[in-house]
Amino acid sequence: MAPPIELNEMEPEFKEMVKERVPNANFDLCLTCGTCTAGCPASELFDMDPRKLVRMLVLGLDEEIRKTEWAWVCTMCGRCSNACPMKVDIPKLVFNMRGSWPRDKRPKGILGSCDKHIKTGNAMGVPTDDFIWTVEDVAEEIRNAQPQFKDMQVTVDRKGAYMAINQNSREPVTEPDELGPLWKILHTVGVDWTYPSVMWAGENYCLFLADDEGWRYILEEFVDHIDNTLKCPMVVNTE
Amino acid sequence: MKKFKIPHKFQFTSIIALYAQWMREGKLKVSSDWNKDLKIKFTVQDPCNIVRKTWRQQAADDLRYVVKTIVGEENFIDMVPNGINNYCCGGGGGALQAGYTEQRRAYGKIKFDQIMATGAQYVLAPCHNCHAQIHDIGHHYGGHYQVSHIWTLMCLAMGILGENERTYLAEDLKEFGL
Ligand code: SF4
Ligand code: SF4
């Protein structure tokens, strides 16, 4: 028979660390009911599931917690915590697990996108000038091809516009024709809008990377540009 | 911004909420007449970031109002479960770029089964991650649905969708209204 686990010998340091950052994550309140696991599409992948993870955390199996690649398979979708009777914050736990990986060991795809976003304002790494050029080029094409949109305005950094709209970088970079439909809708409604040139992209890989510093930098740059340069009272998320 | 308590003066909203508002106010006149005889069936994905994690039931309701207005109430088939309790597509949280392809697809099997159960020919995915993931699992598991953006169908319904803006329409609608 395996020796019983001595609870008072456990030192759940990882738990204490996460609790400090997320004071209301409620890990100690887990009832082990399994509601989270039953409704989690990532259950069983890498031999892990959310209830098991919380147990491991509470028991102080810190090394396994820090190591498991499951941290990148859980999508932090929040379906578990939404249904949890004790409001245990599993997504925030996973976020902190990701953050405990050395930055250069985190998945390359996410890392690369985050780095590009910090440097260029979008995860595809397109220079801002190229973005502006593409936008103007596609708009001109539409104005010429469809007479009913001959007055359609698409601007970048137009100060005082009512709405600043973000844009996933996939469209301007890989499928610029997909930009048009949204613009036409905005034109039809008569919206007073512009794209910001600073941190214009809608994606958030630094958040996924659990790079707090990077993510905060992106947000601060964005907020400063909107509030102090463009002075748009409304920001619209397009995804 | 909430997370870091970064103060900001602007208000923050989603394009879905605005579509719904503009439709209600009559600024965006969209009719589903185009689909009256075609009867093409649509379902919609609830992106976790927009619905469960940010604007909650309000966003789920707006999303359905918008989609039903575009495709017709009788041509909309919801997933089960849906709204706040819908499943994540499996492409969120960076999963599409994390490199764990096998696990990502295993995760997405639930979404695939949900979609197949609706029998819909089109899945509208108002999030790029969802769009790419749902397309990928459809391909991987042999589904024959088409993944589209809301703006594509909205412009189609209004008769303003250009010929070059139809990448995400299947053969049945590629030429429609041209
Ligand atoms: S749903 Fe909540 S209480 Fe139940 S096992 Fe999961 S974390 Fe624990
Ligand atoms: S947040 Fe993670 S653990 Fe919770 S339901 Fe989603 S994938 Fe599962």
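Mind checking whether some residue in region A:124-138 is facing another protein chain (nearest Cβ under 10 Å) and more than 20 Å from the chain's Cα centre (by Cα)? I'd like the intermediate steps shown before the answer.
Residues of region A:124-138 that are facing another protein chain (nearest Cβ under 10 Å), as a first pass: A:138.
So of that shortlist, the ones also more than 20 Å from the chain's Cα centre (by Cα) come out as A:138.
Yes - at least one qualifying residue is present in region A:124-138.
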_On the basis of being within 12 Å of ligand 2 (Cβ to nearest atom), surrounded by fewer than 18 Cβ atoms within 10 Å (Cβ to Cβ) and either within 30 Å of B:Trp55 (Cα to Cα) or not aliphatic (A, V, I, L, M) (or both), does A:Ala42 make the cut?_
no
*Does A:Gly125 fit the bill of being within 27 Å of A:Arg98 (Cα to Cα) and surrounded by fewer than 17 Cβ atoms within 10 Å (Cβ to Cβ)?*
yes
*With the condition kept exactly as written, say whether any residue in region A:140-152 is part of a helix (DSSP H, G or I), within 16 Å of ligand 2 (Cβ to nearest atom) and among the polar types (S, T, N, Q).*
no
*Please give the number of the condition A:Cys114 fails out of (1) over 21 Å from B:Gly93 (Cβ atoms); (2) assigned by TED's automatic domain parsing to the domain that holds A:Tyr217.*
(1)
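For region B:1-30, what are the residues that are within 7 Å of another protein chain (Cβ to nearest Cβ) and assigned to a loop (DSSP other than H, G, I, E, B)?
Quick first cut of region B:1-30, residues within 7 Å of another protein chain (Cβ to nearest Cβ) only: B:1, B:4, B:6, B:8-15, B:18, B:22, B:27-28.
Once the filter is applied, which keeps residues that are within 7 Å of another protein chain (Cβ to nearest Cβ) and assigned to a loop (DSSP other than H, G, I, E, B), region B:1-30 yields B:Met1, B:Phe4, B:Ile6, B:His8, B:Lys9, B:Phe10, B:Lys27, B:Leu28.
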_Restricting to region A:168-192, name every residue that is under 19 Å from B:Tyr19 (Cβ atoms), open to solvent by 10 Å² or more (accessible area, probe 1.4 Å) and facing chain B (nearest Cβ under 10 Å)._
A:Asn168, A:His187, A:Thr188, A:Val189, A:Gly190, A:Val191
*In this structure, is A:Lys108 within 18 Å of the chain's Cα centre (by Cα) and surrounded by fewer than 17 Cβ atoms within 10 Å (Cβ to Cβ)?*
yes
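So which residues in region A:77-93 are more than 7 Å from chain B (Cβ to nearest Cβ), more than 6 Å from ligand 2 (Cβ to nearest atom) and assigned to a helix (DSSP H, G or I)? So that I can check it myself, show each step before the final result.
First, pick out the residues of region A:77-93 that are more than 7 Å from chain B (Cβ to nearest Cβ): A:80-81, A:83-93.
Pick out the ones that are also more than 6 Å from ligand 2 (Cβ to nearest atom) and you get A:81, A:83-89, A:92-93.
A:Ser81, A:Ala83, A:Lys92, A:Leu93, listed by residue number.
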*Only one of these conditions is not met by A:Cys74: (1) assigned to a loop (DSSP other than H, G, I, E, B); (2) touching a residue at least 24 places away in the same chain (Cβ under 8 Å); (3) more than 9 Å from every other protein chain (Cβ to nearest Cβ). Which number is it?*
(3)
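The values are calculated or read from the model by the stated rules, or taken from the named source; none is laboratory data. Computed from a predicted model, the values in this text were never measured in an experiment. As a convention, Cβ positions derive from the backbone with ideal geometry for all residues, glycine included, and neighbour counts pool all protein chains shown. With ligands, DNA and RNA removed, areas are computed over all heavy atoms of the protein, side chains included. Shrake-Rupley method; radii C 1.70, N 1.55, O 1.52, S 1.80 Å.
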